[in-house]
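Asker: Questions regarding the structure given below will be posed in turn.
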Amino acid sequence: MTPRDPRAADPTLSVAAGRDLVALVGRLVRDRSWDTLTALFASLAGEEGLPSAALGDLDAAARLVTDALGGLTPPKNPRGAQADELRALCLAVADALLDRCARPPLTEVERRALERGAGLLENAGDHRRAALAYEDLGADEKAALAWGALGDLDRMEAAHAREERRLATARAAGETLRRFEALLTGGERLRAVIAAAAITGVEEAATLRERAAAVERRLCRGRAVSLRAAGDFWLRVAPLPADVGRDADVGVPLRDPAVSRRHATLRATPEGIVVEDCGSRAGVRVGGARLAPGVAIPLRGEGEIALGLTSALSFRAAGDGLLVEVTRGLDRGARVLVGAAPVPLGAALPAAEGLAVQVLHDVLRLERPPELAVRVDGHFIGPACDLLHGDVIEIPSRGARFEVA
């Protein structure tokens, strides 16, 4: 390595550099004051560096130098005084950049500065330090070329091998990324989240995992989902079995303090949908008769389920399910469609005829028949779609639109 020029920069130049390094370097480049630039950048390296010279400004100043050097005609004599002068400048600029960069680089400006410094070291013939800087960047193809120029074939082959592994990882990640996007837009949101967890070793991995985490937080999990149709009509859809009570995650949630957390259960049997007391304090009555513990009563046609003295639900058979409405209590007017999964929505929402709600792996899914085109969150979905809170479900052929709470 050519020794660094021992001369310190003129104190006047150091003061000027502290005020506006980029402007000063631009003026010196235009004047082709290579020796002065070498001394200035040498003063910027190491512990004696100007504390006011931020790495971003230093990199911008270095770019002016590299652009100027790139426009010069190469010296006729590679060992002459002019070539030595330019090599000394390249080394001084590279040292100033590398002394300010973490290894490996932590920020984008550090990556940019380290790559520029490595290129300057290469131009100056310091292939070993250039190769090490490229390795810190993860730029193994460039590192291999630098090791090759140095004649270190073992390190060159090792760098090529790392680059091949990186490319293989990137290809696999690219395929997974395309699969993630296809699953996401097609409605297979849970499978997309699982696919995203498998992506590692590429820059996009962290961003993709953040997107997947945001999707996972919005997944409609549990035993029921609420939909809003035209006219502010709210409907809760609860595949059986569905509990009734004060717990927020039950199929039919009620806020009445006299109702137990899990007051009653609705479930499907070969005889139809039945109701059973879950051991509540206030009891369950159907048609005025109180249910004995462990006794299930079939619900047919129309009727009323009383939960204690203050809350009651009316029910009406709707196809293979029940349309339940709260008739007494704090949640009066709330409607719930219950049925064996998949629950057909047409029984309560005629515009949604053909659509059904299913539960798979604790996630609520919308299912559609092959002949009905359905759009969710702006994308046409496949046969089924994992629902997210905030989704907008559209049936273009019917002009129907539903929102997921």
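The values are calculated or read from the model by the stated rules, or taken from the named source; none is laboratory data. Note that the coordinates shown come from a computational prediction; the quantities given were computed from them, not determined experimentally. Cβ placement follows ideal geometry from the backbone for every residue including glycine, while neighbour counts extend to all protein chains displayed.
Asker: If I ask for residues that are closer than 13 Å to residue 313 by Cβ and out of contact with any Asp or Glu (no Cβ under 9 Å at 6 or more places or on another chain), which ones from region 253-291 would you list?
Answerer: Answer for region 253-291, where residues must be closer than 13 Å to residue 313 by Cβ and out of contact with any Asp or Glu (no Cβ under 9 Å at 6 or more places or on another chain): 259, 275.
Asker: Which of the residues belonging to region 337-350 are surrounded by 19 or more Cβ atoms within 10 Å (Cβ to Cβ) and touching a Gly at 6+ places or on another chain (Cβ under 7 Å)?
Answerer: 337, 338, 339, 343, 344, 347, listed by residue number.
Asker: In the list 325, 371, 394, which residue meets the criterion of being more than 26 Å from residue 266 (Cα to Cα), not in a loop (DSSP other than H, G, I, E, B) and not small (Gly, Ala, Ser)?
Answerer: One residue alone meets the criteria, 394.
Asker: Hey, can you tell me all the residues within region 29-62 that are at pLDDT below 80 and in a helix (DSSP H, G or I)?
Answerer: Once the filter is applied, which keeps residues that are at pLDDT below 80 and in a helix (DSSP H, G or I), region 29-62 yields 46, 47, 48.
Asker: Within region 178-210, how many residues are surrounded by 20 or more Cβ atoms within 10 Å (Cβ to Cβ) and either free of Cβ contacts under 8 Å to residues at least 12 places away in the same chain or farther than 19 Å from residue 375 by Cα (or both)?
Answerer: 5
Asker: Out of all the residues in region 292-311, is one or more closer than 25 Å to residue 364 by Cα, in a strand (DSSP E or B) and touching a residue at least 40 places away in the same chain (Cβ under 8 Å)?
Answerer: No: region 292-311 contains no residue that is closer than 25 Å to residue 364 by Cα, in a strand (DSSP E or B) and touching a residue at least 40 places away in the same chain (Cβ under 8 Å).
Asker: Just to check your reading of the model, which residue among 228, 255, 236 is assigned to a strand (DSSP E or B) and closer than 16 Å to residue 326 by Cα?
Answerer: When all the criteria are applied, what remains is 236.
Asker: Now for a separate question. State all residues of region 78-90 that are farther than 14 Å from residue 32 by Cβ, part of a helix (DSSP H, G or I) and either in contact with an Asp or Glu (Cβ under 7 Å, 6 or more places away or on another chain) or without any contact (Cβ under 8 Å) to a residue 60 or more places away in the chain (or both); if no residue qualifies, say none.
Answerer: Correct list: 81, 83, 88, 90.
Asker: On to the next question. Name every residue in region 91-136 that is surrounded by fewer than 21 Cβ atoms within 10 Å (Cβ to Cβ) and hydrophobic (A, V, I, L, M, F, W, C), in order of residue number.
Answerer: 102, 106, 109, 132, listed by residue number.
Asker: Right, something else. Scan 206, 198 and give me the residue that is under 30 Å from residue 168 (Cβ atoms), assigned to a loop (DSSP other than H, G, I, E, B) and at pLDDT below 95.
Answerer: Criteria check complete, one pass: 198.
Asker: Is there any pair linking a residue in region 117-133 that is outside the structural domain of residue 105 (by TED's automatic domain parsing) and closer than 21 Å to residue 64 by Cα to one that is of a type outside the set (Gly, Ala, Ser) and surrounded by fewer than 22 Cβ atoms within 10 Å (Cβ to Cβ), with Cβ under 9 Å and at least six apart or on different chains, and which?
Answerer: That search, which allows pairs on different chains as well, returns nothing.
Asker: I would also like to ask the following. What is the residue count in region 356-383 for residues that are of a type in the set (A, V, I, L, M), farther than 26 Å from residue 275 by Cβ and over 25 Å from the mean Cα position of the chain (by Cα)?
Answerer: Count: 3.
Asker: Cβ contacts < 8 Å: first residue farther than 16 Å from residue 138 by Cβ, restricted to region 150-176; second residue loosely packed, with under 15 Cβ neighbours inside 10 Å, any location; separation 6+ or different chain. Result?
Answerer: Final answer for the pair search is 176/198.
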